[in-house]
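The values are calculated or read from the model by the stated rules, or taken from the named source; none is laboratory data. No experiment lies behind these values; they were computed from the predicted model shown. For neighbour counting, all protein chains shown are included, and Cβ atoms are generated from backbone atoms with ideal geometry for every residue, glycine included. Areas reflect the complete protein model, heavy atoms only, side chains present, ligands, DNA and RNA absent. Shrake-Rupley method; radii C 1.70, N 1.55, O 1.52, S 1.80 Å.
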Amino acid sequence: MTDTRHTKVLIIGSGPAGYTAGVYASRAMLEPILVQGIEPGGQLTTTTDVENYPGFTEVQGPDLMVKMQDHAQAMGCEIIGDIITELDTSKRPFTAKGDSGTVYSADAVILATGARAKWLGLDSEEKFKGFGVSACATCDGFFYRGQEIVVIGGGNTAVEEALFLTKFASKVTLIHRRDELRAEKILIDRLMKNDKIVPLWFNTLKEVVGTESPLGVEGVITENVQTGELTEIPCKGVFVAIGHAPASELVKDSLDTHAGGYVVTKPGTTETSVPGVFAAGDLTDHVYRQAVTSAGMGCMAALDAERFLSEQDD
């Protein structure tokens with residue numbers, strides 16, 4: 001027999017947005033259920049040192065997520081280790097199917113499934129993630145003061161990250177498989193005028209090399225796409241900046257999306273194109289992508305859901 005759970009508010013996702021929504025929805029006596037998803041804690045669980053979250057001069061990403069989870073639970077949020085595989089937003093109460101077989105029904109839904117950085121898929125890239133390989137310059141650039149680093153990519157993300165990283169690095173090598181960038185012209189102009197940035201055209205990342213104990217990046221090997229020539233570049237950090245992909249698979253056919261799948265919300269709110277369904281965090285945000293902004297949107301989503309439900313009761 002299928003286990004069915006009903007809640008006033010179902011929160012799907014467990015990063016800063018999801019856990020903060022859990023805190024606020026619990027305080028509003030909505031008795032929310034939060035389903036963690038495939039990566040409990042979200043992207044921060046793959047980040048080591050976090051120095052830009054208010055209240056923590058320095059905290060490990062996974063530790064911060066554990067604290068947020070504990071906080072949400074302490075407020076009364078029920079947290080379930082399950083993965084939502086289907087979501088029906090065509091009628092209320094909304095229904096969601098879990099990978100466990102459980103069916104969740106809810107009067108309101110808060111989507112906080114986040115986004116995932118796109119990676120190249122190299123074994124060496126995976127090996128050094130969090131130990132010199134990153135996908136977030138604003139998160140980790142600070143750790144490379146005075147160091148040489150490389151950025152992989154050729155679009156807006158790569159150019160913005162390269163420019164940002166010049167605040168800290170002594171040299172930034174931008175590696176791109178073509179000889180022209182796909183970024184906005186104003187960004188390209190800034191990059192070309194920056195003495196700290198050296199473009200390496202017609203190259204792709206072949207391998208990240210580094211030390212074993214302690215684990216750390218020492219350089220990269222690139223391959224020229226025209227000649228096959230290999231080049232070794234010394235560096236302490238590798239920033240993969242080939243874009244992010246919002247985790248919007250559940251709702252890509254039922255909610256309005258834009259900019260490659262990010263869920264559209266009404267300006268100044270977390271309301272989506274379906275009344276009673278709210279979205280927060282990196283699922284909706286392709287601009288800031290910070291833990292603190294995600295947490296703020298999680299708060300907004302819970303308050304929006306509370307207001308929606310009280311209007312239904314009137």
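Tabulated data
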item	result
Residue count for region 55-73, restricted to those that are open to solvent by less than 20 Å² (accessible area, probe 1.4 Å) and part of a loop (DSSP other than H, G, I, E, B)	0
Test set (1) open to solvent by 70 Å² or more (accessible area, probe 1.4 Å); (2) assigned by the TED database to the domain that holds Tyr262; (3) assigned to a loop (DSSP other than H, G, I, E, B) - Asp82 fails condition number	(1)
Verdict on Ser105 being small (Gly, Ala, Ser) and modelled with pLDDT of 95 or more	yes
Meets criteria (assigned by the TED database to the domain that holds Glu249, over 15 Å from Val109 (Cβ atoms), in contact with a helix residue (DSSP H, G or I) (Cβ under 7 Å, 6 or more places away or on another chain) and charged (D, E, K, R)) for Glu51	yes
Search result, residues across region 132-154 that are modelled with pLDDT of 95 or more and either of a type in the set (Ser, Thr, Tyr) or open to solvent by 20 Å² or more (accessible area, probe 1.4 Å) (or both)	Tyr144, Arg145, Gly146, Gln147, Glu148
Count of residues meeting criterion [of a type outside the set (Val, Ile, Thr), closer than 15 Å to Phe131 by Cβ and either loosely packed, with under 14 Cβ neighbours inside 10 Å or without any contact (Cβ under 8 Å) to a residue 40 or more places away in the chain (or both)] in region 198-217	5
Conditions (1) in contact with an Asp or Glu (Cβ under 6 Å, 6 or more places away or on another chain); (2) at pLDDT below 95: number failed by Ala183	(1)
Residue list for region 111-124, restricted to those being in a loop (DSSP other than H, G, I, E, B) and either open to solvent by less than 20 Å² (accessible area, probe 1.4 Å) or not hydroxyl-bearing (Ser, Thr, Tyr) (or both)	Ala112, Gly114, Lys118, Trp119, Leu120, Gly121, Leu122
Qualifying residue in region 278-298 (condition: in a strand (DSSP E or B), surrounded by 15 or more Cβ atoms within 10 Å (Cβ to Cβ) and touching a strand residue (DSSP E or B) at 6+ places or on another chain (Cβ under 8 Å))	yes
Exclusive hit being open to solvent by less than 30 Å² (accessible area, probe 1.4 Å), under 27 Å from the mean Cα position of the chain (by Cα) and under 20 Å from Lys171 (Cα atoms), set Val238, Val251	Val238
Any hit, region 38-54, residues being assigned to a helix (DSSP H, G or I), closer than 27 Å to Asp140 by Cβ and open to solvent by 50 Å² or more (accessible area, probe 1.4 Å)	yes
Breaking point among (1) among the aliphatic types (A, V, I, L, M); (2) assigned to a strand (DSSP E or B); (3) in the same structural domain as Ala96 (by the TED database), for Leu250	(2)
Residue match in region 5-28 (condition: among the hydroxyl-bearing types (Ser, Thr, Tyr), outside any helix (DSSP H, G or I) and open to solvent by 20 Å² or more (accessible area, probe 1.4 Å))	no
Yes/no for Glu232 being open to solvent by 60 Å² or more (accessible area, probe 1.4 Å) and either within 30 Å of Gly42 (Cβ to Cβ) or not assigned by the TED database to the domain that holds Asp282 (or both)	yes
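Table: residues versus (1) closer than 20 Å to Ser105 by Cβ; (2) out of contact with any Lys or Arg (no Cβ under 9 Å at 6 or more places or on another chain); (3) not hydrophobic (A, V, I, L, M, F, W, C).
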| site | (1), (2), (3) |
| --- | --- |
| Lys236 | no, yes, yes |
| Ala247 | no, no, no |
| Lys252 | no, yes, yes |
| Ala259 | no, yes, no |
| Thr272 | yes, no, yes |
| Arg289 | no, yes, yes |
| Gly296 | no, yes, yes |
| Ala305 | yes, no, no |
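Results for (1) part of a loop (DSSP other than H, G, I, E, B); (2) outside the structural domain of Glu212 (by the TED database); (3) in contact (Cβ under 8 Å) with a residue 12 or more places away in the chain, shown as yes or no for each residue.
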position	(1), (2), (3)
Val109	no, yes, yes
Glu126	no, no, no
Phe142	no, no, yes
Phe164	no, no, yes
